[in-house]
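Inspection log for the structure reproduced underneath, given as structure tokens.
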Amino acid sequence: MNIHEYQGKQILKSFGVNVQEGIVADTPEQAVEAAKQLKIDYNSDWVVIKAQIHAGGRGKGGGVKLAKNLDEVKQRATDIIGMQLVTPQTGPEGKLVSKVLVAQDVYYPGASETKEFYISVLLDRAKGRNIIMYSTEGGMDIEEVAEHTPHLIFKEEIDPKVGLQGFQARKIAFNLGVSGVAHKEMVKFVSALYKAYEATDSSMFEINPVLKTSDDKVIAVDAKVNLDENALFRHADYAAMRDVTEEDPMEVEASASNLNFVNLDGNVGCMVNGAGLAMATMDIIKLAGGEPANFLDVGGTANAQTVKAAFNIILKDPNVKAILINIFGGIVRCDRVAQGVIDAYKEIGNIPVPIICRLQGTNAEEAKKLIDESGLQVYSAIALKEAADLVTKVLAEQA
Ligand code: GDP
Ligand code: MN
């Protein structure tokens, strides 16, 4: 689950990670109040106003602006709140900004130079271990750094038995080229960051940039925090940070019905039990000349309620030209699923696209009979090949 920058920073701070101090605001008036609370001395310091959306590249899109006094705070907040912010990560339609983070400008001049770094913590699935990935090239798009100057990206592998070791944190600070007070600060920063990553059950932290300030503090200026959804039951306070307005509405509805759903671009909706079978079904759809419109795993219990919820979600997609139901009756009996399909169909009423229903497993024959005798626009199949041919046929009829 993704959360906003301001929420990520709250979490980091609670684990002793130094962050750029800021206050979130929903309106320009609140932004001014927030700036007052930050007690900025505008003779020497400024404020930064940052759009809060679940996408990076906000700086490039005009979602990060400096303000040199309270009037400018109000002006910038007015400009940003309500804007449709387009960044390299949002797609051309952009994302509506409804909150801004009002934060202290930390790029102030001082005794030493400011320097931006990149630090992320993530799971390396191939190694089965967490790694800290870091680079001297902070504040830039890390994909570009990886492409053009891969030797400037370092990785430190963490042994889960002992966690991040002191020598590893010092090596990271050394490779980043910080010395003196900043070295100590960086060691502290990296250690706290790794502790926070483990304790929060996160799947990714990406802090870009990590800033060494001109007075040798090390702080998180940005925070992309991705929490492992499967561990949210252990963190009720983090679960409450979910912002569904940032997510695909179809996926939000699906998760409310406990369906495992991913929206895709194709023309054949599918309803399957089990993730592996869902993947195989998507392959079959391609083989039949279609493109999957979604990934949908209804889970172990495919009853009339889950089938109905699944139908309703798939039918919201205007690209869907056919629906393939592919359910294996192992734990659940095929005839019960068939009855569920028939009941759901009757309850919804007029389903405008053909349905191919392939039920295999316990009581498959009885299930086919139920479907065939229902009088509804549902084609039945038992063999997978049969189902694939039916998909090809109904798509051809509509072409
Ligand atoms: P992103 O573009 O979505 O990754 O948002 P960031 O939080 O990383 O901000 C983008 C860029 O804005 C950073 O790389 C900084 O260069 C700049 N920036 C962020 N905060 C401040 C600040 O307090 N002062 C100044 N001068 N620049 C900032
Ligand atoms: Mn950033």
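Less than 20 Å from a label point 7 Å out along the Cα-to-Cβ axis of residue 204: which backbone N atoms in segment 6-33 qualify, by residue?
Once the point is set 7 Å along Cα→Cβ of residue 204, 6-12 turn out to lie under 20 Å by backbone N, inside segment 6-33.
For residue 380, enumerate residues with amide H under 5 Å from its amide H, sequence gap 5+ or separate chain, H modeled in the peptide plane.
Long-range HN contacts for residue 380: 357.
Take the Cβ-Cβ distance between residue 244 and residue 13 as r, set R0 to 25 Å, and report the resulting FRET efficiency rounded to the nearest 0.05.
With a Förster radius of 25 Å, E is 0.50.
With unit charges on the beta carbon (Lys/Arg positive, Asp/Glu negative), name the residue among 56, 80, 69 whose Cα is farthest towards the positive pole of the charge dipole of segment 21-105.
So the residue we want is 56.
In degrees, nearest 10, range 0 to 90: what is the angle between the Cα axis of helix 166-175 and the longest Cα principal axis of the chain?
In the chain, helix 166-175 runs at an angle near 80 degrees to the longest axis.
Order 271-279, 39-47, 73-81, 333-341 from most to least packed using the mean count of other Cβ atoms within 10 Å.
333-341, 73-81, 271-279, 39-47
How much of the DSSP bridge set in segment 260-347 is antiparallel, in percent, rounded to the nearest 5?
Details: 4 of 11 bridges.
Taking every DSSP beta bridge with both residues in segment 260-347, the antiparallel ones total about 35 percent.
Amide H neighbours of residue 24 under 5 Å, at least 5 residues apart or on other chains, H built in the peptide plane: list them.
102
Apply the Karplus curve 6.51 cos²θ - 1.76 cosθ + 1.60, θ = phi - 60°, to the phi angles in segment 125-142 and return the couplings in whole Hz, x for Gly and Pro.
Each residue's phi maps through the Karplus curve to give 5, 5, 8, x, 9, 6, 10, 9, 10, 8, 8, 6, 8, x, x, 10, 5, 5 Hz.
Counting heavy atoms of the protein chains only and a 1.4 Å probe, report the per residue accessible area for the chain as a whole number of Å².
In whole numbers, the chain has 48 Å² accessible per residue.
Rank by packing, highest mean first: peptides 320-332, 343-355, 90-102, with packing defined as the count of other Cβ atoms within 10 Å averaged across residues.
With the highest mean Cβ count within 10 Å placed first, the list reads 320-332, 90-102, 343-355.
When only Cα pairs under 8 Å and 6 or more residues apart are kept, what is the percent relative contact order across segment 287-359? Mind dumping the intermediate values first?
Details: 66 pairs, mean separation 29.7, N = 73.
Relative CO of segment 287-359 lands at 41 percent.
Under unit Cβ charges (Lys, Arg +1; Asp, Glu -1), what dipole magnitude, rounded to 20 debye, does segment 248-398 have relative to its Cα centre?
Roughly 200 debye, rounded to the nearest 20.
By how many degrees, 0 to 90 and rounded to 10, does the Cα axis of helix 28-37 deviate from the longest principal axis of the chain?
Tilt of helix 28-37: around 40 degrees.
Roughly what % antiparallel, to the nearest 5, for the DSSP beta bridges in the chain?
Around 70 percent of the beta bridges assigned by DSSP in the chain are antiparallel ones.
Given all pairs of different Cα atoms, what value in angstroms does the Kirkwood hydrodynamic radius of segment 1-56 take?
It works out to 12.7 Å.
With both partners inside segment 248-398, how many of the DSSP beta bridges are antiparallel, as a percent to the nearest 5? Before the final figure, lay out the partial values.
Details: 4 of 22 bridges.
Within segment 248-398, antiparallel bridges account for around 20 percent of the total.
How long are the semi-axes of the equivalent ellipsoid of the chain, taking √(5λ) for every eigenvalue λ of the Cα gyration tensor, in whole Å from largest down?
Rounded to whole Å, the semi-axes are 50, 24, 18.
Give me the compactness ratio for segment 23-136, meaning the Cα radius of gyration over 2.2 N^0.38 Å.
Here the answer is 1.26, to two decimals.
Once the piece of chain linking residue 161 and residue 215 is laid out straight, how much longer is it, given 0.36 nm per residue of separation minus the C-alpha distance between them?
15.8 nm
Compute the whole-percent fraction of alpha carbon pairs in segment 152-233 spaced more than 14 Å apart. If you can, show how the numbers build up before the last one.
Working: 2209 of 3321 pairs.
In whole percent, the share of Cα-Cα pairs in segment 152-233 beyond 14 Å is 67.
Go ahead and run the numbers for FRET between residue 396 and residue 350, Cβ-Cβ distance against an R0 of 22 Å, rounding to 0.05.
About 0.45, to the nearest 0.05.
Could you tell me which residue out of 323, 354, 340 lies farthest along the dipole of segment 317-399 toward its positive end? Charges go on the beta carbon: Lys and Arg +1, Asp and Glu -1, centred on the Cα centre.
Of the listed residues, the answer is 323.
Apply the Karplus curve 6.51 cos²θ - 1.76 cosθ + 1.60, θ = phi - 60°, to the phi angles in segment 364-369 and return the couplings in whole Hz, x for Gly and Pro.
Listing the rounded values in order: 4, 4, 4, 5, 4, 5 Hz.
Kirkwood Rh over alpha-carbon pairs of segment 248-398, then Stokes-Einstein at 10 °C and 1.306 mPa s: what D in µm² s⁻¹, rounded to an integer? Present the calculation step by step, with values, prior to reporting the outcome.
On the way: Rh = 14.8 Å.
D, rounded to a whole number, is 108 µm²/s.
To the nearest 10 degrees, how steeply does helix 334-348 sit against the main Cα axis of the chain, on a 0 to 90 scale?
Rounded to the nearest ten degrees, it is 80.
Between residue 71 and residue 113, with labels modelled 7 Å along Cα→Cβ, what's the label distance in nm to one decimal, could you check?
Inter-label distance under the simple model: 3.6 nm.
Cα-Cα over 30 Å: which of 39/99; 308/393; 155/184; 36/184; 60/171? Don't skip to the end; give the middle numbers.
Details: 39/99 21 Å; 308/393 25 Å; 155/184 20 Å; 36/184 32 Å; 60/171 32 Å.
Beyond 30 Å: 36/184; 60/171.
Using only the Cα atoms of segment 45-87, what semi-axes does the equivalent ellipsoid have when each is the square root of 5 times a gyration tensor eigenvalue? Give whole Å, largest first. Working shown, then result.
Values: eigenvalues 71, 24, 9 Å².
Semi-axes, largest first: 19, 11, 7 Å.
Find how much the distance from residue 255 to residue 140 grows on full extension, using 0.36 nm per residue of separation minus their present alpha carbon separation; answer in nm with one decimal.
Between residue 255 and residue 140, full extension yields an extra 38.0 nm.
Ignoring ligands, DNA and RNA, what percent of the 1.4 Å accessible area of the chain is carbon and sulfur? Walk me through the intermediate numbers first.
On the way: 9980 of 19150 Å².
Carbon and sulfur atoms account for 52 percent of the accessible area of the chain.
Roughly what % of Cα-Cα distances in segment 206-265 sit above 14 Å, to the whole percent?
71 percent
The values are calculated or read from the model by the stated rules, or taken from the named source; none is laboratory data. Note that the coordinates shown come from a computational prediction; the quantities given were computed from them, not determined experimentally. Positions of Cβ are generated from backbone atoms using ideal geometry, with glycine treated the same way; all protein chains shown enter the neighbour counts. Side chains are part of the model used for accessible areas, which takes the heavy atoms of the whole protein and leaves out ligands, DNA and RNA. Shrake-Rupley method; radii C 1.70, N 1.55, O 1.52, S 1.80 Å.
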